[in-house]
Amino acid sequence: MPETPAYKRILLKLSGEALLGEDSYGINRGTLERIVDEIAEVANLGVEVAVVIGGGNIFRGVAPGAAHMDRATADYMGMLATVMNALALQDAMRRVNLVSRVQSALNIEQVVEPYIRGKAMRYLEEGKVVIFAAGTGNPFFTTDTAAALRGMEMNVDLVLKATKVDGVYTDDPRTHPDAMRYKRLTFDEAIIKNLKVMDATALTLCRDQKLPINVFSIFKPKAFKRVVLGEDEGTMVHV
């Protein structure tokens, strides 16, 4: 019996840290390939997939390594790190015959395409995975906010926030074994309880546009696919 996805078009927010695997810096090849296999599995269901990638495995504007730097300069360096990750992701996709395009909010035309909304929409309609790099192109905004923004611009049905834990919990499950996973949350609950689902700007944008977010673990095998199939996986944040 064929599997029927619950969503036609989605956006996956993937942190740079997700690419680390067991390493302390850079890109773990095995982890990258496993994540790409999961994306390919979802794309092969006929779901249109966009990805926003972070750069925290290489450089983050708010990391200790950026201390005493001009914040805007540090943020631009972080954006360039996301371009590196996007190219690595695209290369890994090519190896499994998954066609993708990288679009950057910063103009680096010798390396990647500039972000053009209409072109990105057309790529998605053609079944290509679109990888958005360089965040919003502006300092002081996180890649969470970029994910919310691109999700709205692409008219996606759901934003998926890939994390290290399988949802949003009442407390940190690593230090509090009795912490409970929320199956569903409203945006207002997430904001009032300061549950760190996404930053406040991203949450508010999604709330105002009624764009739901699912928080799930990218390290849990098949979790990405189960979310897309509409199964009880992760935490759904909705209006």
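Only residues that are under 20 Å from residue 150 (Cα atoms) and surrounded by 15 or more Cβ atoms within 10 Å (Cβ to Cβ): list them for the range 1-17, please.
Those that are under 20 Å from residue 150 (Cα atoms) and surrounded by 15 or more Cβ atoms within 10 Å (Cβ to Cβ): 7, 9, 10, 11, 12, 13, 14, 15, 16.
Answer with yes or no whether residue 33 is crowded, with 18+ Cβ neighbours inside 10 Å and either more than 16 Å from residue 129 (Cα to Cα) or among the charged types (D, E, K, R) (or both).
It is false that residue 33 is crowded, with 18+ Cβ neighbours inside 10 Å and either more than 16 Å from residue 129 (Cα to Cα) or among the charged types (D, E, K, R) (or both).
Given the structure, is residue 213 aliphatic (A, V, I, L, M) and in contact with a His (Cβ under 9 Å, 6 or more places away or on another chain)? Quick ask: steps written out before the conclusion?
On the way: aliphatic (A, V, I, L, M): yes; in contact with a His (Cβ under 9 Å, 6 or more places away or on another chain): yes.
In short, yes.
Report the residue count in the range 1-22 for those that are touching a residue at least 12 places away in the same chain (Cβ under 8 Å), part of a loop (DSSP other than H, G, I, E, B) and not aliphatic (A, V, I, L, M). Don't jump to the end; show me each part of the working.
Our first condition is that a residue be touching a residue at least 12 places away in the same chain (Cβ under 8 Å); within the range 1-22, this holds for 3-20.
When the remaining residues are screened for being part of a loop (DSSP other than H, G, I, E, B), the result is 3-8, 15, 20.
Still in the running and not aliphatic (A, V, I, L, M): 3-5, 7-8, 15.
Count: 6.
Is there any pair with a first residue in the range 34-52 that is on the phi < 0 side of the Ramachandran plot and part of a strand (DSSP E or B) and a second that is modelled with pLDDT of 95 or more and of a type in the set (Lys, Arg) whose Cβ atoms are under 7 Å apart and which are 6 or more apart or on different chains, and what are they?
48/8; 48/9; 50/150; 52/13; 52/150
Tell me which residues, restricted to the range 85-122, are part of a helix (DSSP H, G or I), among the small types (Gly, Ala, Ser) and within 17 Å of residue 54 (Cα to Cα).
Initial filter on the range 85-122 (part of a helix (DSSP H, G or I)): 85-95, 117-122.
With among the small types (Gly, Ala, Ser) added as a condition, the list becomes 86, 88, 92, 118, 120.
Answer for the range 85-122, where residues must be part of a helix (DSSP H, G or I), among the small types (Gly, Ala, Ser) and within 17 Å of residue 54 (Cα to Cα): 86, 88, 92.
Among the residues of the range 64-79, is there at least one that is on the phi > 0 side of the Ramachandran plot and at pLDDT below 95? I'd like the intermediate steps shown before the answer.
First, the residues of the range 64-79 that are on the phi > 0 side of the Ramachandran plot: 68.
Adding the requirement that they be at pLDDT below 95 leaves 68.
Scanning the range 64-79 turns up at least one residue that is on the phi > 0 side of the Ramachandran plot and at pLDDT below 95.
Name, by its number, the condition in (1) out of contact with any Lys or Arg (no Cβ under 7 Å at 6 or more places or on another chain); (2) over 27 Å from residue 238 (Cα atoms); (3) among the hydrophobic types (A, V, I, L, M, F, W, C) that does not hold for residue 99.
Of the numbered conditions (1) out of contact with any Lys or Arg (no Cβ under 7 Å at 6 or more places or on another chain); (2) over 27 Å from residue 238 (Cα atoms); (3) among the hydrophobic types (A, V, I, L, M, F, W, C), the odd one out for residue 99 is (1).
Against the condition assigned to a loop (DSSP other than H, G, I, E, B) and either hydrophobic (A, V, I, L, M, F, W, C) or under 16 Å from the mean Cα position of the chain (by Cα) (or both), how does residue 135 come out, does it pass? Step through it out loud before you land on a result.
Details: assigned to a loop (DSSP other than H, G, I, E, B): yes; either hydrophobic (A, V, I, L, M, F, W, C) or under 16 Å from the mean Cα position of the chain (by Cα) (or both): yes.
Answer is yes for this residue.
Go through (1) assigned to a helix (DSSP H, G or I); (2) out of contact with any Ser or Thr (no Cβ under 7 Å at 6 or more places or on another chain); (3) among the polar types (S, T, N, Q); (4) within 24 Å of residue 21 (Cβ to Cβ) and name the single condition residue 82 misses.
Of the numbered conditions (1) assigned to a helix (DSSP H, G or I); (2) out of contact with any Ser or Thr (no Cβ under 7 Å at 6 or more places or on another chain); (3) among the polar types (S, T, N, Q); (4) within 24 Å of residue 21 (Cβ to Cβ), the odd one out for residue 82 is (2).
Taking residue 159 as meeting all but one of (1) surrounded by fewer than 22 Cβ atoms within 10 Å (Cβ to Cβ); (2) farther than 24 Å from residue 25 by Cβ; (3) modelled with pLDDT of 95 or more, write down the number of the exception.
(1)
For the range 114-148, give me the residue count where each residue is more than 22 Å from residue 35 (Cβ to Cβ) and among the acidic types (Asp, Glu).
Qualifying residue count, the range 114-148: 2.
Restricting to the range 77-103, and then to whatever is in contact with a Gly (Cβ under 8 Å, 6 or more places away or on another chain) and of a type outside the set (A, V, I, L, M, F, W, C), can you tell me which residue is surrounded by the most Cβ atoms within 10 Å (Cβ to Cβ)?
82
The values are calculated or read from the model by the stated rules, or taken from the named source; none is laboratory data. Everything numeric in this text was worked out from a predicted model, so none of it was measured. Here Cβ is always computed from backbone atoms with ideal geometry, including for glycine, and neighbour counts include all displayed protein chains.
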